[in-house]
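Let me begin by presenting the structure, written as structure tokens, before commenting on it.
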Amino acid sequence: MGGQLRALVGLRWQMVRDRRVRAGLLVLAAGLPVLLVLAALGGQVLSGRRLAFDLLLLAPSLFLGFALLAIVSPLGAGGGAELFPEEQLVAFPLRPRTTFTASLLVAPLNLAWTTQVIALIGVTGASAERSPLVLLSIVTAGAYVTMVTVLGQAVAWGVVGVRQTRGGRQVTWAMLAVLVVAAAVVVRAGWFVDILDSSPTSSVVIASRQVSQGHFTGWATVTTILLLAAVVFAVLGVRLCSWALRRPRGTAGGAVSRHRRRRESPPTELRALLAVDRRSVWRSPALRRGALVLALLPGAVAASAAVNWQSLALLPGLVAAGAALLFGVNAFCLDAAGSIWLATQPHDPMRTATSKCLVTAETSVGAVVVALLIASLRAPGVPTLAELVALLGSLIACSLLVVATCLHLSVRYPHRADLRGTRDVPAPPGTMAVYSLRLATSTTLLGLAFVGAAASGVWQVGAALALASVAVSCLSLRRSFSAWDDSFVRFGVVSTVASG
């Protein structure tokens, strides 16, 4: 297993030929330990203050939220991220243990996972006493992170195996419906706080705090249980991965072919291209599942925490950035092997880029709107005019910023991707990590600016910020369209996404 994994990682690293991507990966690899140390030190600085006490009360909820992320994220990816697409390794069959370990290895490339870990370390440092024993508290937090990450991968592979048949897919959809109804009942009945109070994560927080005070018995017990559970889940995950990979994808009970009504021809070139691109998005199981998760999960988390209207201005940027990572960062890969055929059709090539931009915008704005509607259900009070303008400005500005960034990346740095499998992504894992960091950083900073505009109480501030951001994004779009208008650039993009 170790030899296979080393060979896969080494080959993937050699395939990263862009120096900027390599530099970005090295910065991420070197920066994560530094950020963890800074988070722990920052938490220790806050220790003993009023804010630290508030964080201690919120810590069980934060730990539980990370567990939810660790389980839902690989479920949305159909078993977790992968180093290489499945079809590229048909001639080199891998052991299930290698496949499972590789999905664990790629987990830190998920920016949401990384930021949550940094936040947990910071909260652990703040809730502990100022003492060198805080290192033991961080060990407990690390054991918890390891355990729930392994558990999430194991659950994801189990669901992948169940969903290989039509009956299994029906069962998983039924279970999802039951969970959604149960969550709605819990929130509506006001039981959410009681459930958090009785959550097992409270024991983890208490143990990590007690060890910093010199009490080692409870800490040793909890940490040992977490590590043993991680080992058990790892063994179970390998077995579930092996079972899922052995199962044939059944079609029993479903028709192999079906009758379809002939669709009317779209009246214009642009509408014809839009129809092709939209169906290219929804034909992909990875894109469908990812869009569903992005639309529902962030809004549900914000609703459960009853985030106020002022802070909701941060949500559009985060959701739009996540939606862009589904396909927007390499939008022309939607055509895949059909790119060359489509490029030879008699239409204005500029409409091709326009169609990709519109479909990316539709996906991002749709996910943002759904997330905001869900989050607004429990937002306290009535929003002021300044908060409404900031929220609307954040939605428009962040979505347009994401579309402009995506078109720039799609034109300048295309990749070969089919997006047919449940775990397919539009670019290699390392590149996706760099893109994720770039999009999250820009949209978060812009979202924070809109939060400040909402806090100012002056609606003109939010409107002016939105206009300025839209102007900058439009300039970026204009440059990208000009580059796409170059036939040599178009040839490079089409040939890359069609054949690599």
Taking the Cα centre of the chain as the origin, how large is its charge dipole in debye, to the nearest 20, when only Lys and Arg (+1) and Asp and Glu (-1) carry charge on their Cβ atoms? 1320 debye
With all protein chains present, how much of the accessible area of the stretch 360-500 (probe radius 1.4 Å) comes from carbon and sulfur, to the nearest whole percent? 70 percent
Using a basic spin-label model with each label point 7 Å from the Cα along Cα→Cβ, how many nm lie between VAL472 and THR268? 3.1 nm
What is the packing order of peptides 280-286, 14-20, taking the mean over residues of other C-beta atoms within 10 Å and listing the highest first? 280-286, 14-20
What are the ³J(HN,Hα) couplings of the stretch 222-232, residue after residue, when phi is run through the Karplus curve with 6.51, -1.76, 1.60 and θ = phi - 60°? Round to Hz, x for glycine and proline. 5, 5, 5, 4, 4, 5, 5, 4, 4, 5, 4
Projected area averaged over all directions for the convex hull of the alpha carbon atoms of the stretch 274-415, nm², comes out at 8.8 nm²
Which FRET efficiency value, to the nearest 0.05, do you get for PHE92 and VAL27 by plugging their Cβ-Cβ distance into 1/(1 + (r/R0)^6) with R0 = 41 Å? 0.85
Could you work out what % of the accessible surface of the stretch 138-191 is carbon and sulfur, using a 1.4 angstrom probe and leaving DNA, RNA and ligands out of the count? 77 percent
Sorting PRO132, ALA440, LEU35 by the position of each Cα along the dipole of the chain (Lys, Arg +1; Asp, Glu -1; all at Cβ), the one nearest the positive end of that ordering is ALA440
Stretch MET350-PHE216 to full length: gain in nm at 0.36 nm per residue minus the Cα-Cα span? 41.6 nm
Indicate the gyration tensor shape class of the stretch 372-486 (rounded, prolate or oblate), computed on the Cα atoms with a ≥ b ≥ c the square roots of the eigenvalues: a/c under 1.5 is rounded; otherwise a/b larger than b/c is prolate and the rest oblate. oblate
For the pair LEU445 and LEU377, the simple spin-label estimate (label points 7 Å beyond Cα toward Cβ) gives in nm 3.5 nm
Just to confirm, what accessible area per residue do you get for the chain at 1.4 Å probe, in whole Å²? 51 Å²
Could you give me the ³J(HN,Hα) list for the stretch 330-339, computed from phi with Karplus coefficients 6.51, -1.76, 1.60 and θ = phi - 60°, whole Hz, x at Gly and Pro? 8, 4, 6, 6, 4, 7, 6, 5, x, 4
Label assignment, volume of the Cα convex hull per residue in Å³ derived from the structure, set (1) 196; (2) 231; (3) 170: (3)
Give me the number: length gained by fully extending LEU388 to VAL231, i.e. 0.36 nm times residue separation minus the C-alpha to C-alpha distance, one decimal in nm. 51.6 nm
Given Cα pairs under 8 Å that are at least 6 residues apart, what percent is the relative contact order of the chain? 18 percent
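The values are calculated or read from the model by the stated rules, or taken from the named source; none is laboratory data. These numbers come from a predicted model, not from an experiment. Note that we place each Cβ from the backbone using ideal geometry, even for glycine, and neighbour counts take in every protein chain shown. Calculation scope for accessible area: heavy atoms of the full protein, side chains included, ligands and nucleic acids excluded. Shrake-Rupley method; radii C 1.70, N 1.55, O 1.52, S 1.80 Å.
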